[in-house]
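Here's the structure we're looking at; comments come further down.
Rule-based calculations on the coordinates, nothing more; no lab input. Note that this is a predicted model, so its numbers are computed, not measured. Cβ placement follows ideal geometry from the backbone for every residue including glycine, while neighbour counts extend to all protein chains displayed.
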Amino acid sequence: MKFDSHRSLTTLLLAGLALASPLLAQRADVSLKLDVVAWGDEIRGLSLKPGDAGGITALPFRYSEPVTYSGPPIMEIFRTGDGDAKNLPAPTADDKKHQLHPLPVEPANAISPDGQPKSALALELDKRRAKQPSLVALAPIPAGCTRATVLLAPVGNGTYQAYVIDDDPTKLPLGEVRVHNLSTYEIAVRCNSGVSKTLKTRDAFVAKAPDGYFIYELTYLQDGEWKYQENNVIPIRPTDQSQVIVLSSDNAFFRSGDGSKNGFLQIVTLRRYPKAPPKPAK
């Protein structure tokens, strides 16, 4: 089958390097609609302007209500308390270990005051937080983007790494699937009995879903050996924008009532309905 190329998350995050360039100031403001998704536990009390009441909730691994943003191309995300959250459990040490770990978006040539390598975007966040402590993430919006998914991964100290996915319909057509590798392992995905596609961390590609089904086989590379995980079928409606994300997480979201977890890697499917979702059958 034919695969459509798509900019990987790594490419999008490299936009953060523009922070060191005077050209950034010359970029016009952007305007788009976006969905904010939590990469771990639910995040409440978020806003896109300082001082707002914090009416945005990022749900774990699924879409909530979309929001509209107009402003600078490096979008600021703020957090004021937990909104209406009550007794949200703190992530365990195991959660912190296995949730998505942000990876360097540039060579380790920028050093934070504590001597640890940081990206230009992370250093810029530290700088801005000195003046705005409620600022918790910076999200570089790709040029020309009018629809996006923003994934917020916890990185400690109450801050988040924002992964931005450009969901313009020309880049992710309705009825097709974008597959992301956000695990720390190289993976191979064989789709619809076709050619196998190898993805390094943060790579992505767009695949067809013939007759409304995305059929895949998943293997991963561990200690120099390819290991088989699963084969599965995901129904894809022709009216949906669909993302299939492979990650490595021990978050409670992926555990059953008895604490067990299915599979070494986890699979998340995000579905957006550009049109009204279909009514349930009577």
Inset, instruction - Give the peptides 241-247, 200-206, 227-233 in descending order of average Cβ contacts within 10 Å, highest first. - result: 241-247, 200-206, 227-233
Legend entry - Whole-Hz couplings from phi, Karplus 6.51/-1.76/1.60, listed for region 166-178; x for Gly and Pro: 6, 10, 3, x, 6, 9, 9, x, 4, x, 10, 10, 9
Inset, instruction - Enumerate the amide H contacts of GLU186 below 5 Å, restricted to partners 5 or more residues apart or on another chain; note that Pro and chain-start residues carry no placed amide H. - result: LEU221
Legend entry - Residues with amide H under 5 Å from that of ILE236, placed H, sequence gap 5 or more: TYR213, PHE214
